[in-house]
1. Do you know the relative contact order of segment 5-133, to the nearest whole percent, from alpha carbon pairs under 8 angstrom that are 6+ apart?
2. Which FRET efficiency value, to the nearest 0.05, is calculated for E21 and K124 with the Förster distance at 41 angstrom and r the Cβ-Cβ distance?
3. Return the single residue from L53, L40, L61 with maximal mean-square fluctuation; model: Gaussian network over the chain, springs between Cα atoms under 10 Å.
4. Using the Kirkwood radius built from alpha carbon pairs, what does the Stokes-Einstein equation give as D for segment 5-133 at 25 °C and 0.890 mPa s, in µm² per second?
5. Only four residue types carry charge here, +1 at the Cβ of Lys and Arg and -1 at the Cβ of Asp and Glu. Report the dipole size of segment 5-133 about the Cα centre in Debye, rounded to the nearest 20.
6. So, with a 1.4 angstrom probe, what is the percent of accessible area on the chain that is carbon and sulfur?
7. Most mobile of V34, V101, V123 per a Gaussian network model of the chain (Cα springs, under 10 Å)?
8. Under 18 Å from the Cα of K63, which lysines turn up, not counting those fewer than eight places away in the same chain?
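The values are calculated or read from the model by the stated rules, or taken from the named source; none is laboratory data. Source: prediction; values computed, not measured. When we count neighbours, we look across all protein chains shown, and the Cβ atoms used for this are built from the backbone with ideal geometry, even at glycine. Ligands, DNA and RNA are excluded from the accessible area calculation, which covers all protein heavy atoms including side chains. Shrake-Rupley method; radii C 1.70, N 1.55, O 1.52, S 1.80 Å.
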Amino acid sequence: MQDCIFCKISKGEIPCDKIYEDEISLAFLDINPVNLGHALVIPKEHFQNIYDLPENIAAHLIKIAKKIGTALKKIGSDGTNITTNNGEAAGQIIFHSHIHVIPRFINDNLSHWPTKKYKEGEVKKIIEKITQAL
Ligand code: 5GP
Ligand code: ZN
């Protein structure tokens with residue numbers, strides 16, 4: 001993808017603060033970290049989001065995200081958020097699939113997502129819809 005910033009990073013055309021690299025993946029620091037050490041794990045090849053990723057590559061990226069999360073724990077994070085934003089509605093800004101590995105600290109005061117309550121009958125309906133779509 002010509003105009004994809006993560007493709008350019010993957011090809012070395014744009015610099016990044018690299019943490020890890022292998023044949024399939026690259027991990028580097030997010031330029032605007034939620035907490036220091038916030039890393040992004042990307043496939044070297046361009047895929048738009050998790051739904052376009054072949055399963056073997058998705059599995060590999062999760063493995064590397066876990067490895068980096070383990071390293072972040074070793075150097076002092078109390079927890080991690082390992083997450084992907086898929087689609088504009090989910091807050092995806094860079095349309096080259098990536099996994100965020102965000103170190104978290106007790107009392108780092110980052111907010112939780114707001115939650116909803118199910119109304120009567122809604123659990124049954126949504127379970128039916130999801131299981132039929134699987
Ligand atoms: P998302 O698409 O999941 O919302 O997030 C994209 C992430 O990529 C953001 O957290 C943003 O800070 C990060 N980002 C955007 N452009 C660059 C860049 O050029 N270099 C690096 N290292 N991170 C970037
Ligand atoms: Zn790309």
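1. Working: 172 pairs, mean separation 30.3, N = 129.
Result for segment 5-133 is 23 percent.
2. Numbers: r = 47 Å, r/R0 = 1.15.
Between E21 and K124 the formula returns 0.30.
3. L53
4. Estimated via Stokes-Einstein, D reaches 150 µm²/s.
5. Working: 16 positive and 15 negative charges, 89 e Å.
The dipole of segment 5-133 has a size of about 420 debye.
6. Values: 5460 of 9800 Å².
Roughly 56 percent of what the probe reaches on the chain is carbon or sulfur.
7. Among V34, V101, V123, the largest GNM mean-square fluctuation belongs to V123.
8. Counting by Cα, and skipping residues close in sequence, K63 has these lysines nearby: K18, K44, K73, K74.
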